[in-house]
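Following: one structure in structure tokens, then a few remarks.
The values are calculated or read from the model by the stated rules, or taken from the named source; none is laboratory data. The structure presented is a predicted model; accordingly, all values stated were derived computationally and were not measured. Note that we place each Cβ from the backbone using ideal geometry, even for glycine, and neighbour counts take in every protein chain shown.
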Amino acid sequence: MSGHKYMDLFLKEEDLMAGEMFRSFVDKEIMPVRQQIDDDKDHRIVGRILQRLTDLGTQKAAFPREYGGGGMNSLVSAAVMHEELGRGDSGIATAATVTTWAFLPAILAGNKAVLDAFAPMFCGPELKMGCFAMTEPGGSHGGGGCDIENPSLHGRKIRTLARLEGDEWVINGQKAWASNSGVSDAYCVLCTTNPEDGDEGIALIYVPASSKGLSFGKFENKAGMQGDKNCMMYLENVRVPKEFRAAGPGHDAQLFHNNVLLARINTAALAVGNAQGAFETVLNYSGERIVAGKPIRRHSIGAGILADMAIGIETARTYYLAAAYMYDHPEIYGSSSSNTMLSRASIAKVYAADVAVMVTNKAMELMGSYGYVRDYDVEKYWRDCKIIQLWEGGAQLGRLDVCRGYYDCEF
């Protein structure tokens with residue numbers, strides 16, 4: 001397709017330039033070693049790539065300029081970066097960008113104590129990692145990402161407790177599945193001061209990795225996304241200064257739900273990146289593979305499958321960009337904390353994730369057994385994109401959150 005793939009309506013010139021920069025980065029730094037990433041148990045390859053992304057400024061991009069950060073505050077810009085990195089490797093993209101996700105509550109709240117303590121380290125030249133610890137292991141009393149992210153439950157299912165003792169928060173609880181867990185330098189931990197207080201009890205508290213009482217389980221052995229580490233996280237009487245709470249009662253709940261919303265739009269872009277990568281692979285393969293005397297894509301059935309893939313990718317990309325643009329312009333499209341905006345973000349994520357799963361499945365069908373072997377890229381896209389459909393509350397909660405933009409409902 002001639003011309004660039006992003007709409008000028010949503011992107012500034014610098015966004016287009018950033019998109020080209022990250023696409024070139026992926027082609028140069030990730031694609032040559034892409035097939036080795038899932039076997040890189042010690043993250044030697046992953047670490048080198050993450051350091052090179054740090055050299056580009058991704059780690060410090062969202063931190064305030066007074067700390068040496070980039071001051072980036074555009075969701076459109078972040079989403080474009082997610083798509084381009086997702087075409088290379090979703091796990092690496094996640095590991096690189098979760099640091100921003102972890103510190104956004106403190107940045108948006110203007111929490112000087114947190115920024116003074118952590119920003120200089122994260123705005124430096126060396127790779128550092130942050131973690132947003134939200135999900136909890138499920139059980140008979142609830143828990144898990146679905147209950148925690150469900151705005152109708154108002155934080156009442158959070159089981160990680162924080163109590164104030166003098167000038168310190170004392171935290172006890174468990175977290176699961178958090179990206180960069182076990183390898184991060186700092187953790188933003190979703191807690192409650194009292195589950196019965198609902199949103200007023202929700203607390204986002206920053207925990208240094210060196211904190212006494214913080215420990216971790218073994219890393220999860222996943223089907224894909226090996227560039228992103230996940231493990232159980234245990235907090236036993238972990239003490240941090242009371243100033244390390246992001247904002248305060250009520251405000252932390254708003255910051256938390258804003259993080260959920262942002263994540264859905266960014267992971268929609270990540271899903272599109274997976275789909276785009278698989279599509280490019282199969283488009284090339286189907287032009288070279290001869291069946292019944294002509295290339296696969298010259299057969300009408302092959303062309304129809306490729307068309308469905310292209311339709312999904314183009315529409316998913318256009319919508320996630322539209323949702324990001326609307327988030328960036330609340331003066332026109334309404335508050336970012338509204339159910340309408342949550343609905344838009346959920347539409348973007350649910351649809352893009354479904355498209356990515358469809359595209360990778362169809363790509364494997366067109367490539368046959370070659371799509372299933374690791375010599376080609378499609379099977380990795382296939383494994384990596386499935387979790388995007390499952391995380392952030394799952395595909396079902398996402399659909400319920402879509403409905404919140406259209407009628408009053410409590411699920």
Query - Matching residues, the stretch 254-296, being buried (at least 21 other Cβ atoms within 10 Å of the Cβ) and over 27 Å from the mean Cα position of the chain (by Cα) - result: Tyr285, Ser286, Ile296
Query raised in the report: Consider Leu75 against the criteria (1) outside the structural domain of Asp116 (by TED's automatic domain parsing); (2) crowded, with 16+ Cβ neighbours inside 10 Å: it satisfies all of them except one. Which criterion is unmet?
Result: (1)
Query raised in the report: Quick one: in the stretch 10-63, which of the residues that are of a type in the set (Phe, Trp, Tyr) and touching a Phe, Trp or Tyr at 6+ places or on another chain (Cβ under 7 Å) is nearest to Trp382 (Cα to Cα)?
Result: Phe10
Query raised in the report: Are there any pairs, at least 6 apart or on different chains, whose C-beta atoms fall under 7 Å, with the first in the stretch 146-173 and free of Cβ contacts under 8 Å to residues at least 40 places away in the same chain and part of a loop (DSSP other than H, G, I, E, B) and the second among the small types (Gly, Ala, Ser) and buried (at least 17 other Cβ atoms within 10 Å of the Cβ), and if so, which?
Result: Lys157/Gly142; Lys157/Gly143; Arg159/Gly143; Arg159/Gly173
Query raised in the report: What single numbered condition from (1) under 21 Å from the mean Cα position of the chain (by Cα); (2) at pLDDT 95 or above fails to hold for Ser337?
Result: (2)
**Report entry** Selection from the stretch 15-45 of residues that are surrounded by 11 or more Cβ atoms within 10 Å (Cβ to Cβ) and acidic (Asp, Glu)
**Finding:** Asp15, Glu20, Asp27, Glu29, Asp38, Asp40
Query raised in the report: With respect to Glu236, is the statement that it is over 21 Å from the mean Cα position of the chain (by Cα), in the same structural domain as Lys157 (by TED's automatic domain parsing) and in a helix (DSSP H, G or I) true?
Result: no
Report task. Could you pull out the residue among Gly57, Gly70, Gly110, Gly91 that is surrounded by 16 or more Cβ atoms within 10 Å (Cβ to Cβ), without any contact (Cβ under 8 Å) to a residue 40 or more places away in the chain and not basic (Lys, Arg)? Result -> Gly70
Query raised in the report: Of the residues that sit in the stretch 220-252 and are of a type in the set (A, V, I, L, M, F, W, C) and either at pLDDT below 95 or out of contact with any Leu (no Cβ under 9 Å at 6 or more places or on another chain) (or both), which one is farthest from Phe103 (Cα to Cα)?
Result: Ala223
Query raised in the report: Which one is surrounded by the most Cβ atoms within 10 Å (Cβ to Cβ) among residues in the stretch 140-176 that are at pLDDT below 90 and on the phi > 0 side of the Ramachandran plot?
Result: Gly143
Query - Residue check for Arg317: touching a residue at least 60 places away in the same chain (Cβ under 8 Å) and in contact with a strand residue (DSSP E or B) (Cβ under 7 Å, 6 or more places away or on another chain) - result: no
Report task. Spot the failing condition for Val189; the list is (1) buried (at least 19 other Cβ atoms within 10 Å of the Cβ); (2) touching a Leu at 6+ places or on another chain (Cβ under 8 Å); (3) in contact (Cβ under 8 Å) with a residue 60 or more places away in the chain, and only one is missed. Result -> (3)
